[in-house]
Amino acid sequence: MENSTLSSAEKKQLRGLGQRLDPALKLGKSRLTPTFLSELQLQLRAHELVKIRFLGIERAERTTLCEQIASEGRCHFINSVGHTALFYREHADPEQRALDRG
């Protein structure tokens, strides 16, 4: 992940885009495995914006997992609602980016 931060307006735009997404990944009792993290990398590379659904994980642990996913996945944690969370990593090709940052 770049050292750049997202503004609140950019996060708002991404949340709007994320509402239409189905969860691309599901995270359950096995938590953050190398397989999950490699699949997350593939999804972020392909789509930039990825929604993850948490299965059977309590709220406090979901918060911790979101921070870990952002750190280990080198992506931005955008938002969490209920049992889903949204993550973003800017595409390397400017023409394929979901978010126009000027």
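The table for this structure:
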| read-out | value |
| --- | --- |
| Residue in the stretch 60-67 that is among the charged types (D, E, K, R), touching a strand residue (DSSP E or B) at 6+ places or on another chain (Cβ under 6 Å), farther than 16 Å from residue 15 by Cα and without any contact (Cβ under 8 Å) to a residue 40 or more places away in the chain present | yes |
| Filtered residue count, the stretch 20-34, keeping only those that are over 13 Å from the mean Cα position of the chain (by Cα) and part of a loop (DSSP other than H, G, I, E, B) | 7 |
| Sole exception among (1) surrounded by fewer than 16 Cβ atoms within 10 Å (Cβ to Cβ); (2) free of Cβ contacts under 8 Å to residues at least 40 places away in the same chain for residue 32, by number | (2) |
| Test: residue in the stretch 72-80 that is loosely packed, with under 12 Cβ neighbours inside 10 Å and outside any strand (DSSP E or B) | no |
| Test for residue 8: is it surrounded by fewer than 12 Cβ atoms within 10 Å (Cβ to Cβ) and either under 13 Å from residue 88 (Cα atoms) or in contact with a helix residue (DSSP H, G or I) (Cβ under 9 Å, 6 or more places away or on another chain) (or both) | no |
| Residue within the stretch 63-80 that is of a type in the set (Lys, Arg) and under 19 Å from residue 6 (Cβ atoms) present | yes |
| Residue count for the stretch 35-56, restricted to those that are loosely packed, with under 14 Cβ neighbours inside 10 Å and either in a strand (DSSP E or B) or not hydrophobic (A, V, I, L, M, F, W, C) (or both) | 4 |
| Tabulated pairs, the stretch 13-26, first within 20 Å of residue 38 (Cα to Cα) and touching a residue at least 60 places away in the same chain (Cβ under 8 Å), second of a type in the set (Ser, Thr, Tyr) and not in a helix (DSSP H, G or I), C-beta under 8 angstrom, 6+ apart or interchain | 23/84 |
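Computed from the coordinates by the stated procedures, all read-outs in this text should not be read as laboratory data. Keep in mind the model is a prediction, meaning the values are calculated, not measured. Heads up, the Cβs are rebuilt from the backbone with ideal geometry, glycines too, and the neighbour counts pull from every protein chain shown.
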